[in-house]
Amino acid sequence: MTRIDSFHQPVMADEAVDLLKIRPDGIYIDATAGGGGYTYRIVSRLDSSGKVFAIDRDDEAVAITLKRLESFGSRVQVIQGAFGDLKALALAHGMTDISGVIFDLGVSSWQFDSVERGFTYRGDGPLDFRMDRRTETTAADIINSYSEKQLADALFHYGEEKNSRKVAYAIVQARRKSPIKTTGELARVIESVTNPRYVNKSLSRCFQAIRIIVNEELEQLETGLRASFDILRSGGRLVVVSYHSLEDRIVKLFMRGAVKGKMDADYEDPMGNYKSLARLINKKPLVPSSEEIKENPRARSAKLRVMEKL
Ligand SMILES: C[S@@+](CC[C@H](N)C(=O)[O-])C[C@H]1O[C@@H](n2cnc3c(N)ncnc32)[C@H](O)[C@@H]1O
């Protein structure tokens, strides 16, 4: 692991950046800067006219990427923002004719391991889960205000938690006594209704569900993919690394839609005239090697998909 990767050990980084098929004079967008691992690998392949525009919702990720890559000067620009606003952000910063956009979804190891950011059930931090701490809604707001049905549906749909009804019931009972304020309190409620054999799986599924809602992750992904497509030049590539089936499904359907020329799922051309707008570079998603998973177990669920705009 290089020094640049100590904030977050990037997953499939060399493969993902290879698949961008970098042109040394191109303009690239790293939609999820994190610790700057991908950004660094991209900028290292550019000449003095190439540029990387890196975005992250998290102020700490922005600060760390800026600091680590300052020696590249104006070839790297890092800003705090959500990739759902990618098109507006790119245009506002004069980034057009984009040769490639890369997404590495989810949270960084730094966010996950910082108990005070409240993403993890290991430790007892505030029930927060916000990637961008300027946004209002925290996990505590959701846990303490959703109805039992809303909670059960959320845990089922976004966490694929089979025990969702029992967990939702237990949350509502617990918060009647006093609001649930910390990750430890929430974890204990989930544990109280979960078979000890599956407790870690259940905790991560429930925490994932709440995180997805707090950060509107699926809506962000849908808008961000569409925005990337709009600003890509012809021949430009879109590379996405996702970490769970809900994300991967959105990426897969988006890319298939672009290949068929049906970008808006709701729109049907009465004459059925669709013109393909993209080609897939890999028909099946790429996954990390067993060596990478051994070295970095967090890579185990990664799926990498790539398409090229025609
Ligand atoms: C897995 S990390 C990226 C790691 C990065 N590729 C690296 O090599 O260091 C995911 C990052 O995406 C950011 N993120 C997640 N959703 C986002 C969104 N909608 N807009 C911008 N950044 C987002 C998170 O804050 C986190 O820093």
| message | From the phi angles alone, apply the Karplus equation (6.51, -1.76, 1.60; θ = phi - 60°) to the stretch 283-295 and give each ³J(HN,Hα) in whole Hz, x where the residue is Gly or Pro. | response | 5, 9, x, 7, 10, x, 5, 5, 5, 5, 5, 5, 6
| remark: Karplus-derived 3J(HN,Hα) from phi for the stretch 83-99 (6.51 cos²θ - 1.76 cosθ + 1.60, θ = phi - 60°), whole Hz, x at Gly and Pro, runs 5, x, 9, 3, 5, 4, 5, 5, 5, 4, 9, x, 9, 10, 6, 7, 7
| request: Provide, in order from the shortest bin, the percent of all Cα-Cα pairs of the stretch 136-214 in each 5 Å bin, continuing until the bin that contains the maximum pair distance. | output: 3, 18, 32, 30, 14, 3, 0, 0
| query | Tell me, in nm to one decimal, what length is gained between Phe72 and Lys262 on full extension, where the rule is 0.36 nm per residue of separation less the Cα-Cα distance? | reply | 64.5 nm
| message | Which three extents, in angstrom, do the Cα atoms of the chain have along their principal axes, listed largest first? | response | 60, 54, 40
| remark: The exposure ranking of Thr194, Thr137, Thr182, fewest beta-carbon neighbours within 10 Å first, is Thr137, Thr182, Thr194
| note | Farthest towards the positive end of the dipole of the chain, among Ala16, Ser74, Tyr40 and with Cβ unit charges of +1 on Lys and Arg and -1 on Asp and Glu, lies the Cα of Ala16
| request: Could you run the Karplus curve 6.51 cos²θ - 1.76 cosθ + 1.60 with θ = phi - 60° over the stretch 212-218 and give me ³J(HN,Hα) per residue in whole Hz, x for Gly and Pro? | output: 4, 6, 4, 9, 6, 5, 6
| For the chain, with only Lys/Arg (+1) and Asp/Glu (-1) charged at the beta-carbon, what is the dipole magnitude about the Cα centre, in debye rounded to 20? | 740
| Can you give me the Cα centroid spacing of the stretch 228-263 and the stretch 1-79 in angstrom? | 20
| task | Please express the shape of the stretch 19-100 as an equivalent ellipsoid: the semi-axes are the square roots of 5 times the eigenvalues of the C-alpha gyration tensor, given largest first in whole angstrom. | result | 17, 15, 11
| task | Quick one, can you get me the convex hull of the C-alpha atoms of the stretch 198-271 expressed as volume per residue in Å³? | result | 113
| message | Could you give the length gained by full extension between Asp230 and Glu291, i.e. 0.36 nm per residue of separation minus their alpha carbon distance, to one decimal place? | response | 18.3 nm
| query | For the stretch 73-177, which trypsin sites (Lys or Arg not before Pro) are in a loop by DSSP, counting at most 11 other Cβ atoms within 10 Å? | reply | Arg134
| Residues with amide H under 5 Å of Gly125's amide H, sequence separation 5 or more or different chain, H placed in the peptide plane at 1.01 Å from N; which? | Thr183, Gly184
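Just so you know, all these numbers are worked out from the coordinates, no wet-lab data involved. Here the structure is a predicted model, which is why all the values come from computation and not from measurement. When we count neighbours, we look across all protein chains shown, and the Cβ atoms used for this are built from the backbone with ideal geometry, even at glycine.
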